[in-house]
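Take a look at the structure below.
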Amino acid sequence: MSAVGQPITRLEGRLKVTGGAQYTADVPLTGALHGAIVHSPIANGRTISIDTAAAERAPGVMAVFTYRNMPRIRPIQKPWVHLHPYGQSYLVLQDDQIHYAGQPVALVVADRLDQAAYAGTLITVQYDVKPPVVFNAETALGAFDPPQFLWPVNSSVGNPARGLTDGAVRIERVYTTADRHHNQMEPHATVSTWDARGHLTIFEACQGVFALRDFVSIALEIPPEKVTVISRYVGGGFGGKAYVWPHTLLAIVAARVIQRPVRIQLTRAQMYSMAGHQPATIQTITLAADNTGKLTGIRHDSVSPTSVFDDYIEYAANASRSLWGASGGISTGHKILYTNRNTPTAMRAPHEALGHVATEIAMDELAYAVGVDPVALRLLNDTLLDPYTGRPFSTRAMRRCLTEGAQRFGWNDRNPVPRSMRDGRYLIGQGVAGAIYTHWRWPSKARVVLRSDGSALVESGMQEIGCGTYTVMRQVAADALGLPADKVDVHLGDTRLPASHSAIGSTTMSNAGAGVLLAANAVRDKAIALALTGRDAPFAGATANDVLSVNGGLALGRQTITYSDLLARNRLKVLIGDGNYDPVEEAKGPTAIFSFSALFAEVQVDEELGLVRLSRFLGAYDAGRIINPRTARSQAIGGIIWGVGQALLEQSETDPVMGRFLHRNYSGYLVPSNADIPELEIIFAGEFDPEASPLGTKGMGELTAVAVAPAIVNAVYHATGKRIRDLPVTVEKLL
Ligand code: MOS
């Protein structure tokens, strides 16, 4: 029986629920010291004096670092590239400047964490304070065209200006989304230790061990072979652990100076200024359509804030490049504004999840303006050619997602008139949105070891960040070798294993998984070769193509041999296969590869209290072939919950005078909890996509967080007749 396609449970599930899985902060390291970071309360200016004398005398303190005594770190090369995966280019404790609230001004290292934290409170700092620049509608007017860092900043296809004037109906709107933080369950943690020969080992809660290794090698000017990074389990990444942040460099350098292991764990409050966030956006969109609702033009522009030292772009307007066709043309653009904050970063479904708020709420507004059903409007504007590049989509099951989703949801029973559906005191609303998500093709290596007991081991330096990566890799290798899934072990998250890309961009299944497939195929082919021509060859004289891998070994017609027998005959302890997946970049391929979804939300609104409750949600997804319907369903559940937070709860407000993020914990920053989430229905509507990956899969994880919020906002409009264009939809906006 094939393992791929089965809803098998997690390889590491028991370890995780019994506390057996060792997360970074759990790593026991003899003699490890604890670091505590002291932060600037001001957002702009410089330090005039820092008095560390009392801290240095405090119990247990081993060292206090400020910019005066911190060793110099090599300035980071811009622009951002995969080899320099910094979270922010500004290095802390290197000068007296203050660029953002929460910037480190000192690091205390002590025997115990409480000692380090207490000593930190004894440090007194005097500041020269300047007013901070914050992001709002007024300051955003000063935004500028940034240099490109991922995709082109501006785009224009066809004649968008004409397309916009040609339309009989025009929707021109501004939508805004809030600053948000990742708030992973597991706070950031790092432990660094140097051995006597100058080899550095870093245990890190991260999404990419090789990215961290290569970056540290550059920043500290040491060869990558002298750096080992280990990250076996991560309690949520969401992009916040994808890049290297200042606390990691502080721990590494402090450990080198003190010659003892140093551990730094961020507190929840520290995570708001130490490790990136999703920047707010102000998006302006114009849709034009003929009288039937067929789009003639789209213009979508987005402005977002960044730090004063990095040109981070939130590519929100990208959402409109390839989602729907528009006969006249489509143009998009992005601007950024330097503000006093730490550098923003990717956060689960960066770019797309923000841009779809504008595109998909505007589509709902257009549907009402034209008088056409919102599902029908999307079917009308579905396209099999990517409007942006002109290439055909490799696969695009948007139509199936919309029609099957609508049918299962019972969309046809919906009365389209706002405020027309009620359940007792609640107004009922139903909304829909479609989504498109980027597919990346990246290289990845893996090794599969077939062992003499007939089991196999998958080894690759990819990451498990909570998605089920161990489990799906086991399934891929099991099928290639004809082994039951529980006969395959998986080792990940270690730079001593074959190099893989980071667990970002929903790329792991399709790319790192392809590396595993190739490695497993390679070891299977070696086994077949032994069966044909090795010692005491059981299938001598046959051809390789006639041999199957099944039931823990190989079969030729009715003849079979187990792998353990085969290895024993050849006096081998192991048989090793290497996989090196090295695909053509998506942008250079013949087809446009994206994943798609259609999402259906139902809300109950209590008008007197201004409360929105999600009562039903259905997601229909085209993410290509599904390797494990259980872990994929879990991804979708997580993505929907993430989108509910974006729609209704999550916002990091900034103090306009002090320039600080205000509520830096789970009581001030609201995320959905169990009671906020009803039964969720998940449908998979995709098919095997050979262009996307040899596994037939497309990006899934982050796709599921895209367009959840607009579906909910559209449902709120249907329920109440109120169009909210500023997320999240909080009580005061509805009353
Ligand atoms: Mo994701 S924001 O690419 O970790």
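The values are calculated or read from the model by the stated rules, or taken from the named source; none is laboratory data. For clarity, every value in this text was computed on a predicted model and none was experimentally measured. Virtual Cβ from ideal backbone geometry, glycine too; neighbours counted across all protein chains shown. Protein only, heavy atoms only, side chains kept; ligands, DNA and RNA dropped before computing areas. Shrake-Rupley method; radii C 1.70, N 1.55, O 1.52, S 1.80 Å.
Structure data summary
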quantity	calculated
Near-label residues of region 296-334 by backbone N, under 16 Å of a point 7 Å along Cα→Cβ of ALA369	296-301, 326-331
Peptide ranges 574-581, 98-105, 475-482 listed from the most packed, as the mean C-beta count within 10 angstrom indicates	475-482, 98-105, 574-581
Extreme residue, positive dipole direction of the chain, given options PRO418, SER693, SER217 (C-beta unit charges)	SER217
Inter-label distance, nm, simple model (7 Å from Cα along the C-beta direction), ARG399/ARG535	6.0
Efficiency of FRET from Cβ geometry, ASN154 and THR292, R₀ 30 Å, rounded to 0.05	0.50
Ellipsoid equivalent to the chain - semi-axes via the Cα gyration tensor, in Å	41, 39, 22
Stretch gain in nm, segment LYS588-ASP655, where the contour uses 0.36 nm per residue and the Cα spacing is subtracted	19.6 nm
Computed FRET value (nearest 0.05) for ILE576 with PHE144, which takes r as the C-beta separation and R₀ as 41 Å	0.15
Rounded percent of accessible protein surface that carbon and sulfur make up, region 156-279, 1.4 Å probe	52
ASP114-ARG72 FRET efficiency (beta carbon distance; Förster radius 30 Å; 0.05 resolution)	0.45
Region 68-131, Rg to Rh (Cα coordinates; Rh as Kirkwood inverse mean 1/r)	1.03
Whichever lysines have a C-alpha closer than 22 Å to that of LYS526, once near sequence neighbours (fewer than 8 apart) are set aside	LYS445, LYS487, LYS573
Accessible area (Å², per residue) of region 300-445, counting only protein heavy atoms and a probe of 1.4 Å	29
Convex hull (Cα only) mean projected area of region 459-498, reported in nm² to one decimal	2.8
Whole-Å distance, taken between Cα centres, linking region 201-243 and region 318-388	34
Under 21 Å from the Cα of LYS241 - lysines, other chains or at least 8 residues apart	LYS16, LYS78
Dipole of the chain, positive end: most advanced residue of VAL458, GLY589, LEU33 [Cβ charges, Cα centre]	VAL458
Extended-chain gain in nm, criterion 0.36 nm per residue less alpha-carbon gap, ASP26 and VAL174	48.6 nm
Candidate lysines - alpha carbon under 30 Å from LYS733, same-chain residues fewer than 8 apart omitted	LYS335, LYS722
Rel. contact order, % - alpha carbon contacts under 8 angstrom, at least six apart, the chain	16
Residue among THR139, TYR368, TYR388 farthest towards the positive dipole end of the chain, charges placed on Cβ	TYR388
Student exercise, the chain dipole from Lys, Arg, Asp, Glu Cβ charges, in Debye to nearest 20	1040
Given charges at beta-carbon only (K, R positive; D, E negative), |dipole| of region 1-160 in Debye	360
Virtual spin-label span in nm between SER667 and VAL257, 7 Å along Cα→Cβ	3.5
Mean Cβ neighbour count within 10 Å, used as a protection proxy, ranking 199-206, 530-537 highest first	199-206, 530-537
Per residue accessible area in Å² of region 172-282, where ligands, DNA and RNA are left out and the probe is 1.4 Å	27
Region 590-651 - Rg and Dmax from Cα coordinates, angstrom	15.0, 54
Net dipole in debye of region 440-485 [+1 Lys, Arg Cβ; -1 Asp, Glu Cβ; about Cα centre; nearest 20]	160
Long-range Cα-Cα pairs in region 93-168 (distance over 14 Å), rounded percent	79
